[in-house]
1. What is the local net charge at K26, summed over the other residues whose Cβ is closer than 12 Å to its Cβ (Lys, Arg +1; Asp, Glu -1)?
2. What is the gain in length, in nm to one decimal, between D35 and N134 on full extension, counting 0.36 nm per residue of separation less the C-alpha to C-alpha distance?
3. Starting from the 7 Å offset along Cα-to-Cβ, what nm value, one decimal, do you get for the label separation of Y203 and S76?
4. Taking H placed 1.01 Å from N in the peptide plane, check which residues at least 5 places from K17 or on another chain put their amide H under 5 Å from its amide H.
5. Is it possible to state the helix-based mean residue ellipticity at 222 nm for the chain, with each DSSP H run of 4+ residues giving -39500 (n - 2.57), the sum divided by total residues, to the nearest 500 deg cm²/dmol? What is it?
6. What is the distance, in nm, between label points placed 7 Å from the Cα along the Cα-to-Cβ direction at E266 and at K11?
7. Using the Kirkwood radius over C-alpha pairs as Rh, can you work out the diffusion coefficient of region 47-137 via Stokes-Einstein at 4 °C, viscosity 1.567 mPa s, in µm² per second?
8. Carbon and sulfur: what percent of the chain's accessible surface (1.4 Å probe)?
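The values are calculated or read from the model by the stated rules, or taken from the named source; none is laboratory data. Remember, predicted model here, so these are calculated numbers, not experimental data. No Cβ is skipped: glycine too gets one built from the backbone with ideal geometry, and neighbour counts run over all protein chains shown. These accessible areas exclude ligands, DNA and RNA; they are computed on the full protein's heavy atoms, side chains included. Shrake-Rupley method; radii C 1.70, N 1.55, O 1.52, S 1.80 Å.
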Amino acid sequence: MNKDFLNIKGKDITTGKIPIDVYKDKETTFKSMADLMVDTIKENNAQNKKTLFIVPLGPVGQYKYFVKRVNEERISLKEVTFINMDEYMDDDSHLVDVTNPLSFRKIMYEICYNLIDKDLIMDEKQRIFPNLENIEYIDKVIQDHGGVDICFGGIGITGHIAFNEPPENGESEEEYKNLGTRVVKITEATRVVNSMDDFDGAYYLMPEYAITIGFKEILSAKKIRLYCFRNWHKSVVRRASFLDKTVAYPVTLLQDHDDTRIGISEELAD
């Protein structure tokens, strides 16, 4: 592995295999993400077209800007569907309860859905969270729409998108790209990093399992937009864009996608 990735700085960071856009700071990064969400919906609404996004619960800073524009500009979400990327599980067969402070369903409602004016919000059936019962339904929604319009997300410490960790079962690149929504075991590295925000580093309290959309769903998107802003993302974004393609660092597989971009805050470029 090239250990000089951290020496790629300034304008050179934009010269990798996945285009990188540099924003002033993390709030500008979040706002850019929200603006792309809103502007795409407005454009589709104007053409009487439906909108389908895959959306994350990490990053989350975009939602306050998204909610503000939707409410202030009176933008209808009636023809919009959001598919959330993932959700924690208590074990390999039960979702965490929606009352759990870690529940992505709970958080998504608190920071987004509950804050949008009722006359603008999409129907409940258009707010999709993966679970063991709706895997085929998610596939059908995506197929009926002709693919996802935009997949939004971040990049995890192991190069994972959603909870698509490096494969444990020796999948080839093509096999990995065809993995759909499923239950996965979360790596200890991911649990440690995620615990820094949620449990002050008590990684042993973090769930060991999650249900996640797969690369099959992610790669169906016409556009993929990933956003990074944490200090440890300095290594992550450089590996994503400059490392040779490998299932051992899943985000690198997006180097083959026709329209993937990574947005970062300025400090990550230095």
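1. Working: positive: K24, K31, R230; negative: D25, E27, E266, E267.
Around K26, the charge tally is -1.
2. Values: separation 99, 0.36 × 99 = 35.64 nm, distance 2.96 nm.
Residue separation times 0.36 nm, minus the Cα-Cα distance, leaves 32.7 nm.
3. Placing both labels 7 Å beyond Cα along the Cβ direction yields 4.9 nm.
4. F242
5. Mean residue ellipticity, 222 nm, calculated: -9000 deg cm²/dmol.
6. According to this spin-label approximation, the distance is 1.7 nm.
7. Values: Rh = 14.1 Å.
Rounded, D is 92 µm²/s.
8. Working: 6030 of 12530 Å².
About 48 percent, which is the carbon plus sulfur part of the accessible surface.
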